[in-house]
Every structure is written in structure tokens, then in C-alpha cells.
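Read the figures in this text as sums done on the coordinates, not as results from a lab. Small disclaimer: the values here were computed from a predicted structure and weren't measured. FYI the Cβ positions are ideal-geometry reconstructions off the backbone, even for glycines, and counts take in every protein chain you see.
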Amino acid sequence: MTRLSRATSALVLLATAVLGVAPQAEAVVMCGRKTRTGQLADGASVKLRPACRPNEIQLDPVMLGLQGPQGETGLAGPTGPQGGTGPAGPPPADVSARLATAGPVPVPGGPPFFSEVAAPFGTELWDTDSLHSDEAPTRLTIAQPGKYMIYGHLEFLPGGNDNSLHMIRIVANGTTTLTSSSIPDAGNNERLSVATHYEFAAGDYVELLGAANLCCFADTGATFMAEFGVVKVP
């Protein structure tokens, strides 16, 4: 048996005995006297200390066969103090569209005495969320559900006759009137504006309608220009 193996065997026996009486709650390491070359001295005794002294070498309990398997995880400690507030997130994305009619929109005259037309929009001033399409030129179709401001401006042009009333209306999904306004026909350019807030689901759509309340069979109708838009609110 070599000098190192004899020393190791003696240390194992001694360390086993010492570990059996070591305080359970104190964190200690195993130390043995070392030679000038930094090796474990032959016949060195094992000491349990919080840290080894300069003339000692720390012993590895795994190499000595003294360390058992890892124990179970202990109980969670108390929750620490709350951290600081992080930086502000990015601003919400712009979801909006504003459209304009490409030319005058006719409202036919004659019976029925009340004629109404959904304005087709051929000019996109902007559209950040593909709300408008050429396939459905009268509609703004909601992609992201939420609350929106909807607005419309309509200008009736002179040229019709006997129109007793001009009207503007914003309609959701073809049936629900969200807001409307009207003005008597004075024979000049009549301008009407409407706006409202409404909560939409994805796939809902809105249209801007212009109408003329016609008084007689000889009425040649009316024409109007329009702007229409939506803005998603936070």
C-alpha cells in the first residue's frame, strides 16, 4: 500500500467518525495537514473547519467516498423586495384610415321619394391596416377588435332640383345606424359632418351613406362628395 493510499484510508475512517458528531447546522470543510509540496501529509488527521488553515489542504469528500446523494430541495425562502419599474413599452400601433370619393356620387331622383346611396371611395388618403379594399369600395372593414372613432364629411353639390332635405348617415354591418344628420336643401353646397365612437368585433364594417328626400317625380336627384375615416382608440 502506498503512502498516499494509507493516509487516505486512515482519513476516511477518521472523517467518518468526525462527521458523525459534527454540528448539523454549521457549514464546514474537511482539512488535513499538507506537505511542503502541497500534498496530504502521511498520517494527517482530519479537521472540520469553516475554512482550512494555510498549512492545511482541503479534502474532497467525494473522492474519499464520504459524500452522499443530493438531499431534497428545502423550503422556499421569503419573497424579496419588488424590483424597480421597467422602461415604458412602445406606443400602440396606428390603426386608422381616411378615404375620399374620387368624383361626385349621384343620388337618383324620382320615386321612391327617399333615395340613399352608400358612397364608394376611390381615393385612400391613408390606410394603415388594410381596412379598405377595391372589392368593397363603400366599406371600412375592422381587422382588430376594439373601440373606434368613426367620422364622415359629406358635401351636396348644387344641380339637383326640389330636394327638400339632404342627409348623412354612418351605418354598421348594413343595418345599424350609428349616427346621422340632415340639412334642408337651400340650393347651394350643403356640408354635413358626423362622428361617433363604437366598439367593433373583427369583421364588422361601416359605410357612409348620403341621402336626399325628394319631393316630386320630376326631381333629377342630387350629387355629393365625401370623406370617411376610422381611428382605433387605446
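From the phi of every residue in the range 93-105, what ³J(HN,Hα) in whole Hz does the Karplus formula 6.51 cos²θ - 1.76 cosθ + 1.60 yield, where θ is phi - 60° and glycine or proline is x?
5, 6, 10, 7, 8, 9, 10, 9, 6, 7, x, x, 9
List the residues, sorted by chain then number, that are 5 or more residues from V233 or on another chain and whose placed amide H is less than 5 Å from its amide H.
Long-range HN contacts for V233: K147, Y148, M149.
Which lysines have a Cα lying under 29 Å from the Cα of K147, excluding residues fewer than 8 positions away in the same chain?
Of all the lysines, those that pass the test against K147 - Cα under 29 Å, at least 8 places apart if same chain - are K232.
Which of the lysines could be linked to K34 by a straight reach, that is with a Cα gap under 25 Å, when you skip same-chain ones fewer than 8 residues away?
Hits, sequence-local ones excluded: K47.
Provide the net charge surrounding V231, with neighbours chosen by a C-beta distance below 11 Å and charges set as Lys +1, Arg +1, Asp -1, Glu -1.
Every neighbour counted, the sum reads +1.
Of the peptides 76-87, 200-211, 120-131, how do they stack up when ordered by the mean number of other Cβ atoms within 10 Å, highest first?
Most protected by this proxy first, the peptides run 200-211, 120-131, 76-87.
Using 1/(1 + (r/R0)^6) with R0 = 22 angstrom and r between the beta carbons of D60 and E26, what's the FRET efficiency to the nearest 0.05?
For R0 = 22 Å, the calculated efficiency reads 0.70.
Net charge near P92, counting Lys/Arg +1 and Asp/Glu -1 over other residues with Cβ under 15 Å of its Cβ?
After counting each charged neighbour, the total is 0.
Name the residues whose placed amide hydrogens come within less than 5 Å of the amide hydrogen of L140, ignoring near sequence neighbours (fewer than 5 apart) on the same chain.
V206
From the backbone phi of the range 79-89, what are the Karplus-calculated ³J(HN,Hα) couplings (6.51 cos²θ - 1.76 cosθ + 1.60, θ = phi - 60°) in whole Hz, Gly and Pro given as x?
These are the phi-based 3J(HN,Hα) values: 5, x, x, 5, x, x, 5, x, x, 5, x Hz.
Ranked highest first by average number of other Cβ atoms within 10 Å, how do 33-45, 222-234 line up?
222-234, 33-45
Going by amide H atoms built from the backbone, whose H comes under 5 Å of the H on T223, apart from near neighbours?
Here V107, L157, G160 satisfy the definition.
From the backbone phi of the range 35-51, what are the Karplus-calculated ³J(HN,Hα) couplings (6.51 cos²θ - 1.76 cosθ + 1.60, θ = phi - 60°) in whole Hz, Gly and Pro given as x?
Values, residue by residue: 7, 5, 8, x, 8, 5, 6, 5, x, 5, 8, 9, 10, 9, 9, x, 7 Hz.
Calculate the FRET efficiency for F114 and V233 from the Cβ-Cβ distance with a Förster distance of 35 Å, rounded to the nearest 0.05.
For F114 and V233, the calculated efficiency is 0.55.
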